[in-house]
Amino acid sequence: MKTRLTFFTLAIFLTSIWSLSFYASYMLRVDMQRLLGDQQSSTVSFVAAEINRELSDRLSALKTVADRITPAIMHNQQALQNFLNERPILNNLFNGGVLIFDKDGTTQAEMMVMAGRIGTNYKDDKTVAKVLMDGSPSIGAPIIGKKLQAPMFPIIVAIKDAQGAVIGALAGVINLSKSSFLDQLTNNAYGKDGYFLLEEPDSRLIITGTGKSRIMQPLPAAGINWLIDRHIEGYDETGITTNPLGVEVLASA
C-alpha cells in the first residue's frame, strides 16, 4: 500500500511538472509570436508606406506632365516626341521608359526610343484599355513587355482635352529586372533568413521580392493557403503558415 501511494504521489507530481512545463512552453511561444509579429508587422507597414509614397510620386509626376499635353501636340507626332525629350527627369523615375498612346492605344512617342515601341498598339493590355476607357489613373499588373521582353509593370494616366475627354494616355514603365525604387525590397532581407514579397492581388502574382528570384511567380491558388488568401483579401494580419517552399514561417502583410 505504501509503495502504491508513493508511486501514485510521484505520478501526480510528474504529471503536474509536465503540465506546467507544457503550459509555460505554450505561453512562451504565444508571447514570442505576438512580440515578433508586432515587430515584423511594423517593419512591413513601414516598407509598404515607402513603396506607396514612391508610387504616388510617380503618379503625380505623370499627371503633371499629361496635363500639359494639348490636342494640338497630340496630333503632331514630332511635337509629341520633342515634348517628351524636354522632360529627362522622367528617366529618373521610370527605368523602363515613358510612352504616349493615342486614343486607339498606339504608341506615338517614347522616351528610350531604342526600345522600338513607336507604332506598337497596346489596346489589348487591359490597363491601357481601362485608362483610355474611363480616364482614371491605373497601376498595371506585372507582365512581360512586348518589346522589352522583360518583367515590368506600367503606371498610366489619361491625357484629356479641355472638356475632359480622353485623347490619349501617358505611361511610365518600371522594369523589374533592373535597378529601381523597389530595390529597398529586392536588396534587403528581414533578419537572417526572412524576406519581403510585393504581391499583386487580382492576378495573384508576386511582383518582386528579396533577391528578385520570385519575380512574376504565381501565388498558391485560392483555398490552398489560408493566410495568403486572407492577405489577398486585404486583411493586414500576422500568422504562422507554410510557404510554397514547404517552410513554416511567421508572415505579416
(Q) Can you list the strands (runs of 3 or more DSSP E) lying wholly within the stretch 144-250 that have 1 or more residues being over 22 Å from Thr127 (Cβ atoms)? (A) 238-242
Q) How many of the residues in the stretch 100-120 are open to solvent by less than 20 Å² (accessible area, probe 1.4 Å) and within 12 Å of Gln77 (Cα to Cα)? A) 5
Q: Would you confirm whether any residue within the stretch 229-251 is closer than 30 Å to Thr64 by Cβ and open to solvent by 60 Å² or more (accessible area, probe 1.4 Å)?
A: no
**Q.** Subset of the stretch 179-234 (residues that are over 27 Å from Gln149 (Cβ atoms), among the aromatic types (Phe, Trp, Tyr) and in contact with a helix residue (DSSP H, G or I) (Cβ under 7 Å, 6 or more places away or on another chain))
**A.** Tyr190
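Just checking, which of Ala61, Ala141 is open to solvent by 20 Å² or more (accessible area, probe 1.4 Å), out of contact with any Ser or Thr (no Cβ under 9 Å at 6 or more places or on another chain) and either assigned to a helix (DSSP H, G or I) or among the aliphatic types (A, V, I, L, M) (or both)? Spell out the reasoning first.
Values: Ala141 fails: out of contact with any Ser or Thr (no Cβ under 9 Å at 6 or more places or on another chain).
On inspection, the qualifying residue turns out to be Ala61.
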(Q) Of everything in the stretch 126-154, what is more than 15 Å from Thr208 (Cβ to Cβ) and among the β-branched types (Val, Ile, Thr)? Give them in sequence order. (A) Thr127, Val128, Val131
Q) Which numbered condition trips up Asp67, out of (1) at pLDDT 90 or above; (2) charged (D, E, K, R); (3) over 15 Å from Ile100 (Cα atoms)? A) (3)
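Just need a number here: residues in the stretch 67-99 that are open to solvent by less than 30 Å² (accessible area, probe 1.4 Å) and either assigned to a helix (DSSP H, G or I) or within 18 Å of Ile139 (Cα to Cα) (or both). Give the derivation first.
In the first step, residues of the stretch 67-99 are kept if they are open to solvent by less than 30 Å² (accessible area, probe 1.4 Å); the result is 69, 74, 80-81, 83-84, 90, 94, 96-99.
Filter once more, so that each one left must be either assigned to a helix (DSSP H, G or I) or within 18 Å of Ile139 (Cα to Cα) (or both): 74, 80-81, 83-84, 90, 94, 96-99.
Of the residues in the stretch 67-99, 11 are open to solvent by less than 30 Å² (accessible area, probe 1.4 Å) and either assigned to a helix (DSSP H, G or I) or within 18 Å of Ile139 (Cα to Cα) (or both).
The values are calculated or read from the model by the stated rules, or taken from the named source; none is laboratory data. None of these values were measured; they are calculated from a predicted model. Glycine gets a Cβ as well: all are built from the backbone with ideal geometry, and neighbour counts include every protein chain shown. These accessible areas exclude ligands, DNA and RNA; they are computed on the full protein's heavy atoms, side chains included. Shrake-Rupley method; radii C 1.70, N 1.55, O 1.52, S 1.80 Å.
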